[in-house]
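Student: Pasting a structure below so you can have a look.
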C-alpha cells in the first residue's frame with residue numbers, strides 16, 4: 001500500500017470520526033464552479049486573444065523561413081547548372097551561403113519566440129487559476145460560515161479515475177449551484193460551462 005493510499009484512508013477515518021460527532025458536512029464541485037465562473041470565461045477569451053497576436057508573429061517568421069528555403073533551392077539550382085557561366089554559378093554559391101546564414105538566424109529566432117510565448121502563456125494561466133481558485137474558496141468559506149457547515153469536500157477531485165467522493169445521500173448539502181450563482185452575481189451575462197476549461201484545477 002503506497003503512501004498516498006495510506007494518507008487517503010487516514011483522512012477518510014478522520015472524516016468518519018468527525019462526522020460521528022454530528023458535524024455538518026457539505027460537498028461542492030470545484031471543477032464545475034471554476035468552469036462556470038464568469039471570470040474564468042473572461043480569462044479564457046483574454047488568453048485566446050493574447051495567444052492569437054503572438055501566434056501571428058510566429059506565423060510571419062514561419063512564412064519567412066519558407067521563402068528563404070525557396071530562395072536557397074533556386075540558388076542551388078543555378079549553382080548546379082553547368083550551362084551558366086562560372087561567374088554566375090559563383091554568385092549563386094555566395095547567395096546560397098548568405099541565405100543559409102539568414103535561415104539559421106530566423107530558425108533560432110522562431111524557436112526562441114515559441115519558447116517565450118509558451119512560457120508566458122503557462123505563467124499567465126497558472127496565475128489566473130490560482131487567483132480564481134482563491135476567490136472560489138473564499139466564497140465557499142463564506143457560505144459555510146453562513147450555513148454553519150463544519151466541513152466541505154470537493155466532489156470533483158479525481159486522482160487516477162478514483163473519486164474521493166463516490167456517493168452522497170440527499171442529506172448532504174451540495175453547495176455547487178448556489179456557489180456558482182454567488183460567484184456570477186452582478187455579472188452582465190451568466191456564462192455557460194466553458195469547453196474546454198482553462199485547465200483542470202484541483203482544489204487544495
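The values are calculated or read from the model by the stated rules, or taken from the named source; none is laboratory data. None of these values were measured; they are calculated from a predicted model. In this analysis, Cβ positions are derived from the backbone assuming ideal geometry, glycine residues included, and neighbour counts consider all displayed protein chains.
Student: Quick check: is even one residue across the range 109-127 more than 20 Å from residue 46 (Cα to Cα), surrounded by 13 or more Cβ atoms within 10 Å (Cβ to Cβ) and free of Cβ contacts under 8 Å to residues at least 60 places away in the same chain?
Tutor: Yes - at least one qualifying residue is present in the range 109-127.
Student: Here is a check on your reading of the model: is residue 92 crowded, with 17+ Cβ neighbours inside 10 Å and farther than 30 Å from residue 172 by Cα?
Tutor: yes
Student: Right, another one. Is it fair to say residue 99 is without any contact (Cβ under 8 Å) to a residue 60 or more places away in the chain, crowded, with 16+ Cβ neighbours inside 10 Å and either under 25 Å from the mean Cα position of the chain (by Cα) or within 22 Å of residue 185 (Cβ to Cβ) (or both)?
Tutor: No, not satisfied.
Student: When you scan the range 136-149, do you find a residue that is at pLDDT below 85 and either within 23 Å of residue 43 (Cβ to Cβ) or within 28 Å of the chain's Cα centre (by Cα) (or both), even just one?
Tutor: no
Student: Are any of the residues in the range 80-96 assigned to a helix (DSSP H, G or I) and under 30 Å from residue 177 (Cα atoms)?
Tutor: no
Student: Starting from residues that are in contact (Cβ under 8 Å) with a residue 60 or more places away in the chain and out of contact with any strand residue (DSSP E or B) (no Cβ under 6 Å at 6 or more places or on another chain), keep the ones in the range 141-153 and report whichever is nearest to residue 38 (Cα to Cα).
Tutor: Per the criteria, the residue is 147.
Student: Right, another one. Can you tell which of 134, 104 is loosely packed, with under 15 Cβ neighbours inside 10 Å and closer than 30 Å to residue 30 by Cβ?
Tutor: The conditions single out 134.
Student: Being out of contact with any strand residue (DSSP E or B) (no Cβ under 7 Å at 6 or more places or on another chain) and farther than 30 Å from residue 185 by Cα is true for just one of 34, 79. Which residue is that?
Tutor: It is 79.
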